[in-house]
Each structure stands twice: as structure tokens, then as C-alpha cells.
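The values are calculated or read from the model by the stated rules, or taken from the named source; none is laboratory data. Remember, it's a predicted structure, so these values are computed and weren't measured experimentally. Don't worry about glycine lacking a Cβ; one is built from the backbone with ideal geometry, like all the others, and counts go over all protein chains shown.
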Amino acid sequence: MNTDREPVIRVRDLVTHYGERQILKGVSLDVYSGEIMVIMGGSGSGKSTFLRFLLGLHVPTSGSIELLGQDITQLDSQEMYALRKKMGVSFQGGALFNSMTVGENVQLPLREHTDLDDATIEIMSRLKLELVNLGGFDKLMPAQLSGGMVKRAALARAIAMDPRLLFFDEPSAGLDPVVSAELDELILKLRDALNMTIVVVTHELDSAFKIADRITVLDQGDILLVGTVEEVRNSDNSRVQDLLNRRPRDETIDPDAYMARLTNA
Amino acid sequence: MRGVYGLERLGRATVRAVEEIGYLGALLIESLFWLIVGPFRRQPVRIAAVFQQMTQIGVNAVPIALVLAFGVGVMLAIQGIHTMKTFGAESKVVIGIALSVTREFSSLIVGILVAGRSGSAMAARIGTMVVNQEIDALRVIGINPIRYLVAPSLLALSIVLPALTVLADFAALFGGAVYTSMDVGISLAAYAQDTVEVLKVNDVMQGVNKAFVFAILIALIGAGNGFVATGGAEGVGRVTTRSVVMSISAIVMADMMFTFFLTR
């Protein structure tokens, strides 16, 4: 459906290692403008690693990652610095700066990247906090917030610069279903109001099906499937169905390899 | 077989140590880079952060530094008088106190105090930020963590530690004077007179220069340990302890080398 548009995120043959161990085994993916792409997978599927590489926090073994037309594996630090203004990230635990108030957290990207005066920056930060329903909480410290509020504050900080790309790591982890549903609504609202391209990493099925335009299913460092919600639901891939139906994996065990591991040979 | 194993362990430990020294060196170079080049790239090291650190590391440590230095001065006077009694030259203790305080003990005691107080705080703060993904958050906002966290502390420490050392000089000399005047009966005025006659600018500068080196060691070791924290609160505790032990050891070793080359 999106083939006529240029992708804003374009990953080709991404291979990454953690020490000797290969984590991603040649992942290729396109995300189009204004789309909500959910990256789904079980624990150890490589989805969190994939996100960290999309954010340019690590250097891949091989492959390319283009964000907004620029290959971040080739950029120098100044070009990357410029690109960072157009990206927002909300981390799993919020990662709010604990030594600052909520308001100062949201203001930090603005202070870093703009020359606006204090009053303007404060108004802009309050606007973002209002947007995530945290109006009036700007004087509190992060430690005084509940789990759901931390996530929303982190989201406010992520969108402080009105980024074109928004990355969201596990929005519903550790939240009760109601708060989690509110956060999903918020993500949809943001996309519609601010026309962002949003990448969400999650293992929550309900949340994924609710917000996704397309879903990428990762498994053991490979992409199993990229498709719309319907396509993923109707997939006949057994690993996808395991994930959807909460079935335990039944992996066949290679007896020789098993013995070798036990005896440490 | 055992020998080979021991040799292998020694080799690995050496490689790790060299690696760590290299890492701290890189940290120093990158901090200096941001301090010098940052303003031209519109990514300056914030002056407000430097002053905040100077207050926390320096101003807030003044009372305890004065008390410790005073104690060291009294201690030196007691030991000095006890030793000099053998030669019947108790009044010469003034020279011993004046030189050892300014050249050695002030900077050492202040260095150890600040390593325990602020080096550990730095390791704990950065370690906590690593564990909470706050460092990742800084990086994705486009803020280099070394510019934001290490460079201000490095600058603040290297200003504040020499200043504390000079203050500690006064407190320690005063401590020595008070005890000596009570025990040997030299008046405070005469003691001050003798001290001023003995001391040269060089003696004071030796302590100040040492303090500058200690400041850099404390900042790098504190920050370097913080950045490698892993594994939650326990990991943060581990690197904090490690940073204190490492920086105090580094201070004593550096002091020894300094004294060797400057005194002979």
C-alpha cells in the first residue's frame, strides 16, 4: 500500500554481534512516512537490539541504516548531531534524568538544540506535558511519579523537538491494562496530530494490534514476517502463531549438540 | 601447567590494566576536546555545571578539609617534637612542619578526602545513569555524556583541589603552631615568623601542582568507573567502591613519584 512513497527508515542487511555472538542476522526493513511500525517478538528475538542500532547507539558489523535519507553508519558526529534533532526516543524505563524536575527533563532537548529564551522553552515544555496529560506536573521530580506518568513524561521529552521519527521501547511494560491502553491512544493521537513516523518495540499483542499500521515479527535475529495486522493474524507461520497464541516453543533437540553442551566438549 | 596458568592470568591482568589506562587517557583527551572545541561547535561545556560542581566538590568540603588539615598539623608537631627531643632541637620542629605540610601532607589529605567524597559520588552518579539508561537518553538527545558529565567535573576539580590545598596549608600550619606553642613554648608570632622565613614559593607550589594532578586522577577514575557500571544497584555500589580504592591508590603512587623527582 505504501510502495509509492519513499521510506523514511530503510535498513539493509543489518548484521550485528554482541561479542562473538551474532544477534541480528541480516535484517532488512522499510518504514514509510506517517506510519506506525510495531516491531514484535519474544524475549531474545533481537528486537531491543534492533532498536538500539536504529538509534545509532552502536556500530553494526555490516549493513546500512538510513534514517530520513542519511545512512547513520556513515555519518560523522556533527551530521549525527544534526539528525538527532529530528529523532525522539522514549526508553523502556523512561530514563528520565533523576536529578532534574519533570519540566527540566522536557526542556533539556530544547535548551541543547535551540537558542530560544527561557520563557519560551518553559511554555513549550508545558505544552508537551499538556499533550501527554501531565499538565501541572512540571515541578515534580521523576521519583515522585507513578510508572504510567514516567512513561508519559518520557514521551513528552521525546517529542519536545517535534521530531519526524519517534521510537518507543516497550510502552506497556510494567503498566496496568488501563494505563497501557491510554498510552496506546496517546501514540495514535500523536501520529495524527503531529504526523510523526513511529516505531514501537513491544511484546504486548493487544497493544501491537491496536496501534500498528504494519507489524514486523522478529525471531532469533531474523525477520519472520512484515505485514498488516490482518496479515500477521492470518499468517500460517508456526512461530508467528506460537507468539499469537502464547504457545511454548517446541524446539527439536539435536542430541549430539545437547551432549556436547553438557559435557562442555 | 600451574605456572602456565599463573602466567596467563598475569598476562590477562596486564592487558586489562593497559586497556583501562588507555580508556582513562581517552576520557581525558575527549574531556579536553569538549572544553576547548565545544564552544566553537555550539556544544559548549556549561559554565553553570562547572560552578555547581565547584560548590559541591570544593566549597562544601572546606570545613572538613580544614579540620583534617588542622589535625595533621598537630600530629606532625607531636611527632616532630618527639623526634627532635633526641637531639635537643625541639625548636627546629617548625622547619619540619612547614616543609612537610606544604610539600606533602596538605595535598595528600585533601586528595584523599575529595577522592572519598566526590570521586565516589561521580562514579555513583554516572553509574546510576548508565543503569537507568539515562546515558543512552543523553546520547539520543544529542548530548555527549563526556561533555555533559565528565568535562565540568574535571574542570571544577582541577580548580578546586589546588585551592583547597592552599587552605589546608594554612590550617595545618596553624595546627602545628598551636601545639608547638603549648609544648615547646614558642609564641604563635615567632612560629609564624620562622615559618615564613623557611617557606619558599616553590614549596607551596609543589603541593599545589600535586593537587592538580590528583584532581585529574580523581575525575577520570570516578567517571571511568561510572561508565562501566553494569547490573543494577549492586553494580553501581561495586564501581563506587572500586573508584575510591583506585583513586586513593593512584594518588599515593603519583605522590610518591612526584616527591621522588621533585625532592631529590
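For residue B:127, indicate whether it is in contact (Cβ under 8 Å) with a residue 24 or more places away in the chain, more than 14 Å from every other protein chain (Cβ to nearest Cβ) and touching a helix residue (DSSP H, G or I) at 6+ places or on another chain (Cβ under 7 Å). Answer is no for this residue. Condition test on residue B:103, is it within 12 Å of chain A (Cβ to nearest Cβ), basic (Lys, Arg) and touching a helix residue (DSSP H, G or I) at 6+ places or on another chain (Cβ under 8 Å)? Spelling it out, it is not the case that residue B:103 is within 12 Å of chain A (Cβ to nearest Cβ), basic (Lys, Arg) and touching a helix residue (DSSP H, G or I) at 6+ places or on another chain (Cβ under 8 Å). Reported count of residues in segment A:117-145, each being free of Cβ contacts under 8 Å to residues at least 12 places away in the same chain and either closer than 17 Å to residue A:91 by Cβ or not in a helix (DSSP H, G or I) (or both), is 3.
Here the helices (runs of 4 or more DSSP H) wholly within segment A:159-265 that include at least 1 residues being of a type in the set (D, E, K, R) and under 30 Å from residue A:126 (Cα atoms) are A:177-194, A:205-211. Quick one: would you say residue B:168 is part of a helix (DSSP H, G or I) and more than 19 Å from residue B:64 (Cβ to Cβ)? Against the criterion (part of a helix (DSSP H, G or I) and more than 19 Å from residue B:64 (Cβ to Cβ)), residue B:168 does not qualify. Within this structure, residue A:103 passes the test of being more than 12 Å from every other protein chain (Cβ to nearest Cβ) and touching a residue at least 12 places away in the same chain (Cβ under 8 Å).
When every residue of segment A:53-62 is checked against the conditions, at least one turns out to be touching a residue at least 60 places away in the same chain (Cβ under 8 Å), within 14 Å of chain B (Cβ to nearest Cβ) and not basic (Lys, Arg).
Of all residues in segment B:195-207, which are within 22 Å of residue B:107 (Cβ to Cβ) and assigned to a helix (DSSP H, G or I)? Don't jump to the end; show me each part of the working.
Taking segment B:195-207 and keeping what is within 22 Å of residue B:107 (Cβ to Cβ), we get B:195-196, B:198-207.
Listed by number, the residues that qualify are B:195, B:196, B:198, B:201, B:202, B:203, B:204, B:205, B:206, B:207.
Looking across segment A:1-51 at every residue that is over 22 Å from residue A:190 (Cα atoms) and within 14 Å of another protein chain (Cβ to nearest Cβ), the one that is surrounded by the most Cβ atoms within 10 Å (Cβ to Cβ) is identified as A:49. When segment B:33-54 is filtered for residues that are surrounded by 12 or more Cβ atoms within 10 Å (Cβ to Cβ) and within 25 Å of residue B:113 (Cα to Cα), the ones remaining, listed by number, are B:49, B:50, B:51, B:52, B:53, B:54. The lone criterion from (1) in a helix (DSSP H, G or I); (2) at the interface with chain A (Cβ under 10 Å from one of its Cβ atoms) left unmet by residue B:143 is number (1).
Looking across A:134, A:145, A:110, A:129, one residue alone is modelled with pLDDT of 90 or more, over 18 Å from residue B:139 (Cα atoms) and over 17 Å from the mean Cα position of the chain (by Cα). It is A:129. The set of residues in segment A:208-230 being more than 23 Å from residue A:186 (Cβ to Cβ), among the charged types (D, E, K, R) and touching a residue at least 12 places away in the same chain (Cβ under 8 Å) consists of A:219, A:222. Just a yes or no: is a residue in segment A:63-77 loosely packed, with under 14 Cβ neighbours inside 10 Å, within 14 Å of another protein chain (Cβ to nearest Cβ), more than 28 Å from residue A:7 (Cβ to Cβ) and not charged (D, E, K, R)? The answer is no, given that none of the residues of segment A:63-77 is loosely packed, with under 14 Cβ neighbours inside 10 Å, within 14 Å of another protein chain (Cβ to nearest Cβ), more than 28 Å from residue A:7 (Cβ to Cβ) and not charged (D, E, K, R).
Would you confirm, using the coordinates I've provided, whether residue A:137 is aromatic (Phe, Trp, Tyr) and more than 14 Å from chain B (Cβ to nearest Cβ)? Even if it seems obvious, please write down each step before you answer.
On the way: aromatic (Phe, Trp, Tyr): yes; more than 14 Å from chain B (Cβ to nearest Cβ): yes.
Taking the combined requirement at face value, the residue satisfies it.
Which residues, counting only those in segment A:81-90, are out of contact with any helix residue (DSSP H, G or I) (no Cβ under 6 Å at 6 or more places or on another chain) and at the interface with another protein chain (Cβ under 8 Å from one of its Cβ atoms)? It would help to see each step written out before you state the result.
Initial filter on segment A:81-90 (out of contact with any helix residue (DSSP H, G or I) (no Cβ under 6 Å at 6 or more places or on another chain)): A:81-84, A:86-87.
Listed by number, the residues that qualify are A:81, A:84, A:87.
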